[in-house]
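Visitor: I'd like to ask you about the structure that follows.
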Amino acid sequence: MEKRAHNFFAGPAALPYEVLKKAQEELLDFKGMGVSVMEMSHRDKAFIAVAAEAEADLKKLLGLGDDYAVLFQGGGATHQFVMLPMNSLHAGDEADYIVSGNWAERAYEEGTIQGKANLVATSKTLAKPFSELPVVKQENMSPKAKYLHFCSNNTIYGTQFFENNYPKALPGVGLVCDMSSGFMSHTFDATKFDMIYAGAQKNIGPAGVTVIVLKKEWAQKVFTKKLPKSFDYNYQIKKESMFNTPPCFNIYITGLVFKWMLEMGGIPAMEKRNKIKADTIYGMIDKYPDFYRGYVTNKAHRSWMNVTFNLPTEALEEEFVKAAKAKNMLGLKGYRDLGGIRASIYNSTSPESVQFLADFMEEFKKSH
Ligand SMILES: *Cc1c(COP(=O)(O)O)cnc(C)c1O
């Protein structure tokens with residue numbers, strides 16, 4: 001068998017082995033056509049079926065029906081930071097934003113360019129920036145807002161909203177979420193959302209495609225600006241992501257990940273697996289809190305996807321990353337602005353890899 005590392009990269013990140021194997025098998029000859037998915041027209045019925053299945057499987061996973069549209073687009077989640085306010089905010093229009101981390105803040109900044117973006121809550125001003133989820137109060141929200149935007153998982157600092165504390169929008173205000181790094185990591189009611197988007201490269205696929213789930217009725221009502229076609233959500237919905245050439249191969253791989261998730265038992269199975277993984281690593285942090293110093297101060301806010309911690313000195317952190325690498329564990333160095341260690345343990349990361357890391361943490365602590 002080929003050498004496979006224990007993959008803790010934050011994104012692009014691990015993909016399921018079964019998905020890579022399947023893609024490898026089909027690379028030279030997709031379903032007897034004698035070409036790969038990369039080499040066929042996006043208008044060919046074989047590719048149209050690939051995209052349609054990806055969409056149907058995603059809706060099955062999320063429990064969504066025909067009242068929702070799914071788009072697969074390029075440009076990353078960052079592009080959606082711009083698209084959302086661009087489509088919905090006419091001059092003077094308002095939108096509400098919750099800032100729980102860097103990505104949420106970037107979304108907010110794009111909102112301020114297009115209209116009046118209100119900062120409903122932020123945890124940036126804490127002594128340790130973004131070390132907890134912000135306190136969200138409905139009294140700070142505007143009833144005139146077109147939408148309330150939040151980011152479900154803070155990839156960089158390691159906090160996460162779950163179903164029990166997802167912010168609620170005021171009546172008549174759309175609920176929009178950047179779920180890039182936490183998408184389908186735990187069970188939740190997707191019908192509560194008017195828009196969900198996720199760059200694939202964290203939890204569901206390769207970089208280069210972003211999944212956008214839109215409640216059609218809401219999109220019709222709120223996205224009323226006259227825009228160039230490439231930037232117009234409703235036009236993209238009408239053309240079913242095929243206005244121009246979509247990121248075909250990325251859609252195909254993402255579709256394989258959805259199939260893998262369904263085979264594993266869907267989102268409930270992901271939740272179970274992710275809870276075990278998170279408990280394994282946080283267990284080690286809680287066992288040696290003076291050595292492994294968790295960045296997130298409120299345990300209830302800890303992310304199941306990105307575990308962030310420091311060691312007593314930077315030199316020890318460097319040694320930790322180096323020693324882990326020698327044992328075939330990749331991607332543990334913290335985000336460039338934050339430093340420390342970050343273990344990203346998305347859906348695809350196996351419980352075995354996570355246990356391997358926990359055992360290493362135990363061993364490293366004992367020898368230092
Ligand atoms: C990585 C990330 C982004 C940015 O994604 P790009 O595909 O690089 O644009 C946005 N939001 C969150 C939560 C992320 O983790």
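Visitor: In this model, which of LYS128/LYS221; LYS128/LYS275; LYS21/LYS229; LYS124/LYS168 are farther than 31 Å apart at the alpha-carbon?
Guide: LYS128/LYS221; LYS21/LYS229
Visitor: Here's another thing I want to ask about it. Taking every pair of alpha-carbon atoms in region 143-253, what share in percent sits in each 10 Å bin, from 0 to the bin with the longest distance?
Guide: So the P(r) values, bin by bin, are 13, 41, 36, 11, 0.
Visitor: Output wanted: per-residue J couplings in Hz (rounded whole) for region 137-151, from phi through Karplus 6.51 cos²θ - 1.76 cosθ + 1.60, θ = phi - 60°, x for Gly and Pro.
Guide: Rounded to whole hertz, the list is 10, 4, 5, 8, 8, 9, x, 8, 5, 6, 7, 10, 10, 9, 10.
Visitor: Quick one: 3J(HN,Hα) in Hz for region 54-59, Karplus 6.51/-1.76/1.60 with θ = phi - 60°, rounded, Gly and Pro as x.
Guide: These are the phi-based 3J(HN,Hα) values: 4, 5, 5, 5, 4, 5 Hz.
Visitor: Would you mind ranking ILE48, ILE156 by Cβ crowding within 10 Å, fewest neighbours first?
Guide: Fewest-to-most ranking of ILE48, ILE156: ILE48, ILE156.
Visitor: Can you pull the semi-axes for region 101-191, root of five times each eigenvalue of the Cα gyration tensor, sorted largest first, whole Å?
Guide: Listed largest to smallest, the semi-axes of region 101-191 are 19, 17, 13 Å.
Visitor: Quick check: Cα centre of region 199-237 to Cα centre of region 300-356, how many Å?
Guide: Cα centroid of region 199-237 versus Cα centroid of region 300-356: 33 Å apart.
Visitor: If the reach is capped at under 15 angstrom between alpha carbons, list the aspartates and glutamates near LYS299, excluding any in the same chain fewer than eight residues apart.
Guide: The qualifying aspartates and glutamates are GLU132, ASP279, ASP286.
Visitor: Tell me which residues come under 5 Å, amide H to amide H, from GLY294 once H is placed; ignore anything under 5 positions away on its chain.
Guide: Residues meeting the criterion, in which the H sits 1.01 Å from N, are ASN310.
Visitor: Here's a follow-up. Please work out the C-alpha center-to-center distance from region 153-191 to region 31-94 and express it in whole Å.
Guide: With region 153-191 and region 31-94 each reduced to a Cα centre, they are spaced 20 Å.
Visitor: Something else now. Averaged over all directions, how much area does the convex hull of the C-alpha atoms of region 266-366 cover when projected, in nm²?
Guide: 6.4
Visitor: Rg/Rh for region 157-199: what does it come to with C-alpha atoms and Rh from Kirkwood?
Guide: 0.94
Visitor: Right, something else. In Å³ and rounded to a whole number, note down the convex hull volume per residue for the Cα atoms of region 18-263.
Guide: 119
Visitor: Hey, another quick one. Take every Cα-Cα pair in region 189-297 and report what % of them are more than 19 Å apart.
Guide: 64
Every number in this text was worked out from the coordinates using simple rules, so none of it is lab data. Treat the numbers as computed from the prediction; the structure is a model and nothing was measured. Virtual Cβ from ideal backbone geometry, glycine too; neighbours counted across all protein chains shown.
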